[in-house]
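Novice: Please find one structure pasted underneath; my questions will follow.
The values are calculated or read from the model by the stated rules, or taken from the named source; none is laboratory data. Since we're looking at a predicted model, the values are computed, not measured. Cβ placement follows ideal geometry from the backbone for every residue including glycine, while neighbour counts extend to all protein chains displayed. Calculation scope for accessible area: heavy atoms of the full protein, side chains included, ligands and nucleic acids excluded. Shrake-Rupley method; radii C 1.70, N 1.55, O 1.52, S 1.80 Å.
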Amino acid sequence: MILITGATGNVGGQVAAGLADLEPRRLSRSASGPGAVAGDLTDLELMEKALDGVDRVFLLWPMAPAPLAEPLVDLLSRRVERVVFLSTLTIAAGLDDDITRTHAELERMIDESGLARTFIRASGFATNLLWEAHAIKSGVVRKPFGAAGRSLVHEHDLGAVAAQALRDDAYAGTELVVTGPEAVTQRRQIELIAEATGRPIRWEELSQDAAHAEMVGAGWDPTMAADLLDYYGSLVEAPEPVTSTVADVTGVPARSFRQWAQDHADAFR
Ligand SMILES: NC(=O)c1ccc[n+]([C@@H]2O[C@H](COP(=O)([O-])OP(=O)(O)OC[C@H]3O[C@@H](n4cnc5c(N)ncnc54)[C@H](OP(=O)(O)O)[C@@H]3O)[C@@H](O)[C@H]2O)c1
């Protein structure tokens, strides 16, 4: 039996779809329907019940801080044979923001627990653009570093790679760096969404200083905002890496950002 955490989310939903023939158990706080089990990753009593009869787990850790995950990782190490953990590529890029640190800490905990594991180190999700749907719908996107190249990944491909890693024991002990098929600049991403929706969207280049001031005004820690902006700035000269992992693991080429924009056009209309 496979347990999928975050099963109502972008990636977990795709993992569940990819494993539908195995009738996996689907966990989240609000899960409902066939195979659903309501559980909270921080509630060990509920997690113990959810793990009954389970041997493999798709794990994500959608909240900080990392130390809260320690009892869960300990429980998993005693109860299941294998874990596929959704992590981030920025670990390899050496980024030191909260999200990267949390995932690095989870990877360390899982390794120290002795669990057989696969780490899915994902590039940025194309679904992050959905957070900007309001601005995109307004027809104007104001952001810095339009020329920054990002290898955003389609949630379908993340789900397909994770599903295969759960099916095949050969992926135990591996780190799979999963990206989209090419680096697409931020400005081009908006053009492709405009094409998919059939509506014009204007890119307005924001200076790094103006973007920093806006982020701090919105509650960001000044240093974290500066670090993130420096990272985006670095992608103008050196775009994010592209790997062939999706094709290698699933036998099907990774879906393009153009495809993603077409799949989600309604969200931007
Ligand atoms: N965005 C990126 O660019 C990026 C890149 C690399 C890695 N990641 C990682 O990917 C993960 C997010 O994946 P996603 O986009 O699929 O997330 P998502 O769409 O936001 O879904 C999150 C899922 O987790 C469940 N969940 C949240 N808190 C929970 C809790 N305390 N207990 C049990 N279930 C809980 C949610 O359902 P309920 O609310 O019903 O519980 C939902 O099913 C995060 O761990 C993130 O750090 C993201």
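Novice: Identify, please: which residue in the range 90-126 is within 13 Å of the chain's Cα centre (by Cα) and open to solvent by less than 10 Å² (accessible area, probe 1.4 Å) and is, among those, nearest to the ligand (Cβ to nearest atom)?
Specialist: The residue in question is Ala122.
Novice: Right, something else. Six or more apart or on different chains, Cβ under 6 Å: which pairs go from a residue in the range 120-149 that's more than 28 Å from Thr250 (Cβ to Cβ) and free of Cβ contacts under 8 Å to residues at least 60 places away in the same chain to one that's within 16 Å of the ligand (Cβ to nearest atom) and of a type in the set (S, T, N, Q)? Could you list them?
Specialist: Note: pairs meeting the criteria are Gly146/Gln186.
Novice: Please count how many residues of the range 20-30 are in a loop (DSSP other than H, G, I, E, B) and under 26 Å from Asp168 (Cα atoms).
Specialist: To start, the set of residues in the range 20-30 that are in a loop (DSSP other than H, G, I, E, B) comprises 23-24, 29-30.
Now narrow it down to the ones that are under 26 Å from Asp168 (Cα atoms): 23-24.
Qualifying residue count, the range 20-30: 2.
Novice: For the range 160-177, enumerate the residues that are open to solvent by 10 Å² or more (accessible area, probe 1.4 Å) and in contact with a Pro (Cβ under 9 Å, 6 or more places away or on another chain).
Specialist: Listed by number, the list holds a single entry, Val177.
Novice: Further, regarding this structure: Which residue, of Leu130, Leu72, is open to solvent by 40 Å² or more (accessible area, probe 1.4 Å) and within 16 Å of the ligand (Cβ to nearest atom)? Full working, then the answer.
Specialist: Values: Leu72 fails: open to solvent by 40 Å² or more (accessible area, probe 1.4 Å).
None of the other options fit; the residue is Leu130.
Novice: Could you grab me the full set of residues in the range 52-67 that are away from the ligand (no atom under 13 Å from the Cβ), more than 19 Å from Asp98 (Cα to Cα) and not basic (Lys, Arg)?
Specialist: Within the range 52-67, Asp52, Gly53, Val54, Asp55 qualify.
Listed here are the residues, each with its yes/no results for (1) of a type outside the set (Asp, Glu); (2) within 22 Å of Gly139 (Cβ to Cβ); (3) open to solvent by 60 Å² or more (accessible area, probe 1.4 Å); (4) under 25 Å from the mean Cα position of the chain (by Cα).
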| residue | (1), (2), (3), (4) |
| --- | --- |
| Ile201 | yes, yes, no, no |
| Asp209 | no, no, yes, no |
| Gly217 | yes, no, yes, no |
| Asp221 | no, no, yes, yes |
| Ala226 | yes, no, no, yes |
| Leu229 | yes, no, no, yes |
| Tyr232 | yes, no, no, yes |
| Leu235 | yes, no, no, yes |
| Pro241 | yes, no, yes, yes |
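Novice: Shifting gears a bit: So in the range 178-197, with the set limited to residues that are of a type outside the set (A, V, I, L, M) and assigned to a helix (DSSP H, G or I), which one is surrounded by the fewest Cβ atoms within 10 Å (Cβ to Cβ)?
Specialist: Residue satisfying both the conditions and the ranking: Glu195.
Novice: Among the residues of the range 7-38 satisfying the criterion of being within 20 Å of the chain's Cα centre (by Cα) and over 15 Å from Ala160 (Cα atoms), which is farthest from the ligand (Cβ to nearest atom)?
Specialist: Arg26
Novice: Hey, could you check the range 149-175 for residues that are within 14 Å of the ligand (Cβ to nearest atom) and not in a helix (DSSP H, G or I) and say which is nearest to Ala225 (Cα to Cα)?
Specialist: Checking each candidate, the answer is Arg150.
Novice: Quick check: anything in the range 40-60 closer than 27 Å to Leu229 by Cα and open to solvent by 20 Å² or more (accessible area, probe 1.4 Å)?
Specialist: Applying the first criterion (closer than 27 Å to Leu229 by Cα) to the range 40-60 yields 60.
Cutting the leftovers down to open to solvent by 20 Å² or more (accessible area, probe 1.4 Å) gives us 60.
Yes, the range 40-60 has at least one match.
Novice: Inside the range 1-55, can you point out the residues that are more than 20 Å from Glu81 (Cα to Cα) and of a type in the set (Asp, Glu)?
Specialist: Scanning the range 1-55 gives Asp21, Asp40, Asp43.
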